[in-house]
Structures are given as C-alpha cells and as structure tokens.
1. Quick one: count up the residues across segment 33-52 that are under 23 Å from Asn106 (Cβ atoms) and either surrounded by 17 or more Cβ atoms within 10 Å (Cβ to Cβ) or under 19 Å from the mean Cα position of the chain (by Cα) (or both).
2. Just to check your reading of the model, which residue among Ile139, Ile108, Ile167 is crowded, with 23+ Cβ neighbours inside 10 Å and either acidic (Asp, Glu) or farther than 15 Å from Val38 by Cβ (or both)?
3. Using beta carbons and a limit of 6 Å, which pairs, at least six apart or on different chains, have the first residue in segment 153-175 and touching a residue at least 60 places away in the same chain (Cβ under 8 Å) and the second one open to solvent by less than 20 Å² (accessible area, probe 1.4 Å) and of a type in the set (Ser, Thr, Tyr)?
4. Please go through (1) touching a Lys or Arg at 6+ places or on another chain (Cβ under 6 Å); (2) at pLDDT 95 or above; (3) more than 25 Å from Thr48 (Cα to Cα) for Pro98 and return the number of the only condition it doesn't satisfy.
5. For segment 138-192, which residues satisfy the criterion of being of a type in the set (S, T, N, Q), in contact with a strand residue (DSSP E or B) (Cβ under 7 Å, 6 or more places away or on another chain) and closer than 17 Å to Ile68 by Cβ?
6. Under the condition of being surrounded by fewer than 20 Cβ atoms within 10 Å (Cβ to Cβ) and modelled with pLDDT of 95 or more, which residue from segment 1-17 is nearest to Leu77 (Cα to Cα)?
7. Assuming Arg30 fulfils every condition listed in (1) crowded, with 17+ Cβ neighbours inside 10 Å; (2) more than 15 Å from the chain's Cα centre (by Cα) apart from one, which condition is it?
8. Against the definition (of a type outside the set (Asp, Glu), in a strand (DSSP E or B) and either surrounded by fewer than 21 Cβ atoms within 10 Å (Cβ to Cβ) or modelled with pLDDT under 70 (or both)), how does Ile195 come out, yes or no?
Amino acid sequence: MSYDTLKVCIIIPAYNEEKSIAQVISRIFRLHPEFTVVVIDDGSSDGTAAAAKAAGADVITLPQNLGIGGAVQTGYLYCARKGFDVAVQVDADGQHKPEELDKIINPIREGQADMVLGSRWVENTGYRSSRSRRAGMLILASLVSFFTRRHVTDPTSGFRAVGRKGIQLFAEDYSTDYPEVDSLVSLNSHGLRIIEVAVEMDQRQAGSSSISSVKSIYYMIKVTLSIMIRSVR
C-alpha cells in the first residue's frame, strides 16, 4: 500500500537493545522504505545507537536514562516538529511485526480514529503470556474500560499509532511512569477517538521486560491511582 501522501514516522524507544534493534529497523524498511524511523537511545550503555544508525534510522541519544515515558515523548516531540501525519510506536525487542503496521495506520489514514491500539486480545491471535501477567492485563483493561467508558482489551500494548492531534497532545503532555495506560485515559479525556485492532505479536528477541514480577504488585497499585487521577482531571 502506498503512503506517498502520508508522512509516517516510526518511534522506537530503545535501552540496551543492541542485539535486536538492527533487525527491527531492517524489517520495517524492507516493507516500508518510505517511512522515517527514529530511534530514541535512552542512555544505553551498549552499542544500540551505533547499530540503529548503521541500519539507517535517525537516532536521538539521550544523555541519561529517562525511562520509557521520557524516551517516547522525545519521539513525539520529534514528530511534532517535523510535521508528521502519523506516529507509530514500535518496541525495539522484536515483538511488534512490521507486517502488521498497515492494520494500525490505515484507520487513521481513512479518518476513522485518532489512535489505533494493536491488541493481542481483541481476537485470538495465538499470543501467550504467563498467567499472572495475563491477570494483571485483565485488571488494567477493566479499569481503563471503566474510566474511559470504552471497551479496551490491551491497554499495555506499546504497538500503537496516532494522528496529528495525538502527536501534538503527547508532545506536550506524556506520562513518565505508566505511559501506555495513562495515554489512553489522556486521549479519551481530550475527546480523541480510540479503536483497537487485532494484531499478531512475537515473543521478544532479546533483553527483558522492564516490569519484573517483584515490581508487578507495586506497579498495579500505582497505575490504578494514576488512572483515577487522570480520569478526574
């Protein structure tokens, strides 16, 4: 599908993802050479930045680790200043398939949504996760659905696309602690349209999740409070 009239930027936040980043970028360019890929090197101590540059991406290197929220907002600032029509978040670990990009971009391109969330659970895509992690996702999905009055199945998915309104909003205000979940509540409170589409995802190729089992209960308590606070602003 041609995107000649649509400026699309792929935002990839990356922290010590030297082993997977080049392959992620190469797969995107293989399917969509017309896209811009910007990697936000979040203070990595390995060769993430060099590997991303060698693969053809624009690279913004942060002087220290800001965390996923600060890194992603840097990407949105880049997109806002460069005048992109669509910004797509893609993880650096290889979970998000470039073959699925059209599914989350097309509804924005066709004027059907301001954000499209790639969901592992809206349909049976074959994705597997641990029982405890799946339970946590269900709790968060219920909370987000309740406070936004929208049915959301996968609020922690980092595979998502936004149009110009979302780019501008996130360039100005983006959560540093729980960005995936908080951003949905923020978009909803500003009256932007959110839809979910079913996508297939792979297991991560390298690295490890930033949320360990030890931190999961603490995370759930804090993110619940964050959702409540944002929903009443």
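The values are calculated or read from the model by the stated rules, or taken from the named source; none is laboratory data. What you see is a predicted model, and the numbers here were worked out from it, not measured in a lab. Glycine also receives a Cβ, built like all others from the backbone with ideal geometry; neighbour counts cover every protein chain displayed. Accessible surface areas use protein heavy atoms only, side chains included; no ligands, DNA or RNA. Shrake-Rupley method; radii C 1.70, N 1.55, O 1.52, S 1.80 Å.
1. Within segment 33-52, the first condition is being under 23 Å from Asn106 (Cβ atoms), and the residues that meet it are 33-38.
With the extra rule that they be either surrounded by 17 or more Cβ atoms within 10 Å (Cβ to Cβ) or under 19 Å from the mean Cα position of the chain (by Cα) (or both), the set shrinks to 35-38.
Counting residues in segment 33-52 that are under 23 Å from Asn106 (Cβ atoms) and either surrounded by 17 or more Cβ atoms within 10 Å (Cβ to Cβ) or under 19 Å from the mean Cα position of the chain (by Cα) (or both) gives 4.
2. Unique residue meeting the criteria: Ile108.
3. Close Cβ pairs (under 6 Å, with a partner that is open to solvent by less than 20 Å² (accessible area, probe 1.4 Å) and of a type in the set (Ser, Thr, Tyr)) amount to Ile167/Tyr76; Phe170/Tyr76; Ala171/Tyr76.
4. Condition not satisfied by Pro98: (3).
5. Taking segment 138-192 first, the residues of a type in the set (S, T, N, Q) are 142, 145, 148, 153, 156-157, 168, 175-176, 183, 186, 188-189.
Checking the rest, the ones that are also in contact with a strand residue (DSSP E or B) (Cβ under 7 Å, 6 or more places away or on another chain) come to 153, 157, 188.
Listed by number, the list holds a single entry, Ser157.
6. Step one: list which residues in segment 1-17 are surrounded by fewer than 20 Cβ atoms within 10 Å (Cβ to Cβ), which gives 1-7, 16.
Next cut, modelled with pLDDT of 95 or more only: 7, 16.
Details: Lys7: 15, Asn16: 22 Å.
Result: Lys7.
7. (1)
8. On the way: of a type outside the set (Asp, Glu): yes; in a strand (DSSP E or B): yes; either surrounded by fewer than 21 Cβ atoms within 10 Å (Cβ to Cβ) or modelled with pLDDT under 70 (or both): yes.
The answer is yes for Ile195.
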